[in-house]
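Bear in mind that the values in this text are calculations on the coordinates, not laboratory data. Every value quoted in this text rests on a predicted model; they were computed, and no experiment measured them. Here Cβ is always computed from backbone atoms with ideal geometry, including for glycine, and neighbour counts include all displayed protein chains.
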Amino acid sequence: MFEDKVALITGANKGIGFEIAKQLGVLGFTVIIGARDTVRGARAAGLLRSLGVSASPLDIDVTDATTIEVAAKAIGDQYGHLDVLVNNAGISGGAGAIPSRVPVELMRLVYETNVFGVVAITNAMLPLLLGAPAGRVVNMSSGLGSLTLSSDLDSEFGKLNILAYQSSKAALNSVTVAYAKELHGSGILVNAADPGFTATDFNNHRGYRTVEQAATIAVRLACLKDDGPSGTFQNESGHVPW
Ligand code: NAP
């Protein structure tokens, strides 16, 4: 069903991104492993190929306009279109400081990857997504980006106050809605995914979910039928409050 489809996953050399690439590859997608490090990207793509997945690496640092431009041209030259873009690359910026102690520079750093990087990649890939019959964009958000949950002091997230990361994912949710609105009627569906607290390098493997569980919602949103939703924020159980 997905044999002629091409998916780009940013930050796919490890963690949840690698697992999303693996699951899409097993479904038949040709997967492009976006990685900011050539060696790590090649290793991840090689591992997927050894599992029978059609995978190739592509140098993409989501904070580097040149790598994004070169990557978009390479995908255009090789495939002529892009069916799925998973904006997965993300950084936490650390969770230590209370908001009033967070340096603005740290905020900028986190936003460069988690927000501006997503906008830059999406804009660069949009002509290729529009060239596909049914483009899909999945933005890897977080329950920590939910304003509803984080302002509820009784919820799991209400006890956390991680200014840079949480506000960057709330901004990403807003970016998701903005693109969904712009692309309404174009055939492209744009949604945000919440993978849940997952054991990866991101949190020194303290998460209680597996990457297999975490990737499920991104894969589902990447494979939506044409009458699927757009401009939503979902985890594997359904809609997450904004
Ligand atoms: P991870 O294991 O730390 O992987 C992050 C990936 O992003 C790595 O491949 C990393 O590359 C890449 N990356 C970081 N900055 C990049 C940049 N500037 N350009 C290109 N790639 C970059 O983290 P993860 O847990 O898989 O997280 C994946 C996504 O899920 C993130 O957006 C995260 O915010 C989100 N998320 C995670 C959790 C969780 O509990 N783990 C929960 C909610 C949401 P390098 O290997 O080169 O560093």
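A few points about this structure:
- Hey, Leu172 under 17 Å from Asn88 (Cα atoms), surrounded by 19 or more Cβ atoms within 10 Å (Cβ to Cβ) and away from the ligand (no atom under 15 Å from the Cβ) or not: no
- For Gly90: the one exception among (1) surrounded by fewer than 19 Cβ atoms within 10 Å (Cβ to Cβ); (2) of a type outside the set (A, V, I, L, M, F, W, C); (3) closer than 28 Å to Asn204 by Cα; (4) in contact (Cβ under 8 Å) with a residue 24 or more places away in the chain: (1)
- Exactly one residue out of Ala71, Ala45 is small (Gly, Ala, Ser), without any contact (Cβ under 8 Å) to a residue 24 or more places away in the chain and either more than 16 Å from Ala215 (Cα to Cα) or part of a helix (DSSP H, G or I) (or both): that is Ala45.
- Scanning segment 153-166 for residues that are more than 10 Å from the ligand (Cβ to nearest atom) and under 16 Å from the mean Cα position of the chain (by Cα) yields a count of 1.
- Scanning segment 116-152 for residues that are polar (S, T, N, Q) and within 12 Å of the ligand (Cβ to nearest atom) gives Asn139, Ser141, Ser142, Ser146.
- Unique match (being buried (at least 24 other Cβ atoms within 10 Å of the Cβ), away from the ligand (no atom under 13 Å from the Cβ) and either over 21 Å from Asn139 (Cα atoms) or of a type outside the set (D, E, K, R) (or both)) among Val53, Val26, Val31: Val31
- Matching residues, segment 227-237, being within 18 Å of the chain's Cα centre (by Cα) and either assigned to a strand (DSSP E or B) or surrounded by fewer than 16 Cβ atoms within 10 Å (Cβ to Cβ) (or both): Pro229, Phe233, Gln234, Asn235
- Selection status of Gly117, out of contact with any Phe, Trp or Tyr (no Cβ under 6 Å at 6 or more places or on another chain) and surrounded by fewer than 18 Cβ atoms within 10 Å (Cβ to Cβ): no
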